[in-house]
1. Looking at the range A:164-179, which of the residues that are polar (S, T, N, Q) and more than 14 Å from chain B (Cβ to nearest Cβ) is surrounded by the fewest Cβ atoms within 10 Å (Cβ to Cβ)?
2. So, in the range A:197-216, of the ones that are outside any helix (DSSP H, G or I) and within 14 Å of chain B (Cβ to nearest Cβ), which residue ends up farthest from residue A:287 (Cα to Cα)?
3. On the basis of being crowded, with 21+ Cβ neighbours inside 10 Å, under 16 Å from the mean Cα position of the chain (by Cα) and either facing chain B (nearest Cβ under 7 Å) or hydroxyl-bearing (Ser, Thr, Tyr) (or both), does residue A:295 make the cut?
4. Of these, A:434, A:384, A:429, which one is surrounded by 18 or more Cβ atoms within 10 Å (Cβ to Cβ) and in a strand (DSSP E or B)?
5. Mind listing whichever residues of the range A:239-298 are in a helix (DSSP H, G or I), touching a helix residue (DSSP H, G or I) at 6+ places or on another chain (Cβ under 8 Å) and of a type in the set (Asp, Glu)?
6. Hey, any hits in the range B:187-194 for a residue that's in contact (Cβ under 8 Å) with a residue 60 or more places away in the chain and either surrounded by fewer than 23 Cβ atoms within 10 Å (Cβ to Cβ) or under 24 Å from residue B:116 (Cβ atoms) (or both)?
7. Taking the options B:21, B:58, name whichever one is out of contact with any Gly (no Cβ under 9 Å at 6 or more places or on another chain) and within 22 Å of residue A:334 (Cβ to Cβ).
8. What single numbered condition from (1) within 13 Å of chain A (Cβ to nearest Cβ); (2) in contact with a strand residue (DSSP E or B) (Cβ under 8 Å, 6 or more places away or on another chain) fails to hold for residue B:264?
Number of protein chains: 2
Amino acid sequence: MKPINIGLMGVGTVGGGTATVLKRNAEEISRRAGREIRLFIAANRDLAKAREAVGPDVTLVDDAMQVVQHPEVDIVVELIGGDTVAKSLVLQAIANGKHVVTANKKLLAVHGNEIFARAQEKGVMVAFEAAVAGGIPIIKALREGLSANRIEWIAGIINGTSNFILTEMREKGASFSDVLSEAQRLGYAEADPTFDVEGHDAGHKLSIMAAIAFGIPMQFDKCYLEGISKLDGRDIRYAEELGYRVKLLGLTRRTEHGIELRVHPALIPERQLIANVNGVMNAVYVKGDAIGPTLYYGAGAGALPTASAVVADIVDVTRLLTADPEHRVPHLAFQPNQLKDLPILPIEEITSSYYLRIGAADRAGVLANITRLLAENGISIEALIQKGSTSDSSAEIVILTHRVKEKHVNAAIGAIEALDSVVGKVVRLRMEELND
Amino acid sequence: MKPINIGLMGVGTVGGGTATVLKRNAEEISRRAGREIRLFIAANRDLAKAREAVGPDVTLVDDAMQVVQHPEVDIVVELIGGDTVAKSLVLQAIANGKHVVTANKKLLAVHGNEIFARAQEKGVMVAFEAAVAGGIPIIKALREGLSANRIEWIAGIINGTSNFILTEMREKGASFSDVLSEAQRLGYAEADPTFDVEGHDAGHKLSIMAAIAFGIPMQFDKCYLEGISKLDGRDIRYAEELGYRVKLLGLTRRTEHGIELRVHPALIPERQLIANVNGVMNAVYVKGDAIGPTLYYGAGAGALPTASAVVADIVDVTRLLTADPEHRVPHLAFQPNQLKDLPILPIEEITSSYYLRIGAADRAGVLANITRLLAENGISIEALIQKGSTSDSSAEIVILTHRVKEKHVNAAIGAIEALDSVVGKVVRLRMEELND
């Protein structure tokens, strides 16, 4: 059978990894796919750098549009990133009837609905396993492996940079800014780390998973984002004393009233496997109504792990190349005419447990006032500890609540902060037991 | 589009679960698959019991051959188990041009090569996600999700009964036989537990995974099996003191000289996620050359989790019903003409680290003799602890070795047991760091 010709756009870290995997595992891959898959043409601005990565036999161009337009290219692999140039190129590739494999989470989270609609019209596939959690085959698990289930929720550690920082903060008792500098030195964090540590990256990935899990359109613009840059090491320590780890969690949940879609630091019980996912590793915890909880763990980034997902997608697309479109797996898991318009809940309407840290003047009555205000807002307490008073006779009260709507917690916090005996702002972190 | 008609053979635990999932999640499933999937006919010896499980609308018969022969059945689901009746039925279904979904690990591990060859000839699919690790989509991950990788090894906790027993032995300090009785009372262990606790069940599952991972035929007859019934609680305790957990592991590894294929209790470092998989849960740890280590965790048994895998297979088969056979995923991941005849290594030829417990008369010179005998056999020591002498002045010496061929350890053990100062048999457990 004729080889499959790959047109690669972007020969950076993941592009170079993809070239390496296609070459190194060529025999293994063709034994599986039933035909040769070869890198045919690649586009990169820096041609010399690209030549080093792809070897002598691949045509190299500096204009990616030439890849998209090349009549002999079967599958276009987009590894440029961002949602400007990449978007035009992907749309043009689709218009030209080419299948697309991409690792571009931002492109899909922001423009996925449009891109998938165009692909549907043209009968081509857009595969994106590498866009979420690097090499972990979580898109495949959600779209196909768990297709018998009504998915109830997904909780993911899906940003390696943030997880590295939180792991170091806990293990070394260091501050956010000290660990961030170290992560930047090690190459685990960008010079501008906003995208990772403020939850944008995790939000893109979560929006994609939510669409696939629940059969809804991509709605990144409605995803709640809260990062880890304001986390105080003290709260990580107190959480640990209470049997919890703090993780940047991407969480989406189907409720009676709509879909929760939120990224924020969260306390997770240390007995949960996912609480023990450390360093730059990723993990996604999925609850289906039939299967119960399942976990998928692996490298969420890096040249070869991400290339593993890119090339798996290439093999998948190759297998289905001549199959008629209606027998392929739908892009968003559900048939395009079967998407539902479930509302995304505003953050005030979500339900969670909470960790509250309250600075209080150490005098009689303050605890009674706080617990009264919680009770008045319908919040019941699961645990309460008072941390040793400091020299100025103030104390810290740490409270873990049962599940309650966030707006009630906000109301209670407002009232607590207004108490004379309370000092400063109340620190509030969400807490997820992940056992429902 | 015309609904897909399912013919179910065997309405026991998993069969009942399959009926439940197909019915309860009918909307979700057809939104994904693009057409209705309905339970059309079911066969069970006990018709009254089956009627309760499948509801009033499904045709019921007491002869499974009627399912296989029914002209309107598209997909036959075999949930009878065993490899006698089930084998004839599956082969007849294939001969009749019907696709098959099965959860039958024994059938495939023992007769898989024959069954897949027949299916290949007839151009039908035999799907078997439910045969390994219950609902966890590990077959899909290995065959498709990791298709870019050269798989290096797989280590799985793939027998829930054994994992429950080992978890209880560790947490309660109880003996194997006490916990087994409890497991039988709870329904986690059969009246005759041999199949589970002696490693047969794990061996079936491991043989299937090895075939898919390495592109080799099923070779259950060459799988080394060692169960947990002879485990002494003392060794679980000592292992824990040294930072390890004891798990019944199914391990298959590609080496320069052939494939290791073995089921036995093993010490795993407690920092590994898989060491923390407890109770009846399953997990499979897979190392690919590109992706690195990945873990898949979930319920390995039970009505609904196993049905989750059965129904996911039904959806997969439905999607590919009209696709031409050469564009389907090959049964064993690799194209049938691309299987390799890599040798399965005899257990003496495998390489592992080892835990040795040696009863010794507590007198000068014994340690020197033991360490000399290890050195003479090329075995280097990673750790050595001496456990407090008991009243009769004997001592226990616990040694952890570096990696070495098993035959050298066996030779050393023979020599050590021949020492005058050594009491009784040397206890030997394999130890897997799972970090290579």
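The values are calculated or read from the model by the stated rules, or taken from the named source; none is laboratory data. Computed from a predicted structure; not experimentally measured. Please note: Cβ atoms are built from the backbone with ideal geometry, for glycine as well, and neighbour counts cover all protein chains shown.
1. Of the range A:164-179, the ones polar (S, T, N, Q) are A:167, A:175, A:177.
Next cut, more than 14 Å from chain B (Cβ to nearest Cβ) only: A:175, A:177.
Values: A:175: 13, A:177: 9.
In this case the residue turns out to be A:177.
2. Once the filter is applied, the top-ranked residue is A:216.
3. On the way: crowded, with 21+ Cβ neighbours inside 10 Å: yes; under 16 Å from the mean Cα position of the chain (by Cα): yes; either facing chain B (nearest Cβ under 7 Å) or hydroxyl-bearing (Ser, Thr, Tyr) (or both): yes.
Taking the combined requirement at face value, the residue satisfies it.
4. A:429
5. If we filter the range A:239-298 for residues that are in a helix (DSSP H, G or I), which is where we start, we get A:239-241, A:273-276.
Then drop every residue that is not touching a helix residue (DSSP H, G or I) at 6+ places or on another chain (Cβ under 8 Å), which leaves A:240, A:273, A:276.
Residue satisfying the conditions is A:240 alone.
6. As a first pass, look at the range B:187-194 and keep what is in contact (Cβ under 8 Å) with a residue 60 or more places away in the chain: B:188.
If we keep only those that are either surrounded by fewer than 23 Cβ atoms within 10 Å (Cβ to Cβ) or under 24 Å from residue B:116 (Cβ atoms) (or both) as well, we get B:188.
Yes - at least one qualifying residue is present in the range B:187-194.
7. Working: B:58 fails: within 22 Å of residue A:334 (Cβ to Cβ).
Going through B:21, B:58 in turn, just one is out of contact with any Gly (no Cβ under 9 Å at 6 or more places or on another chain) and within 22 Å of residue A:334 (Cβ to Cβ): B:21.
8. Status for residue B:264: all satisfied but (1).
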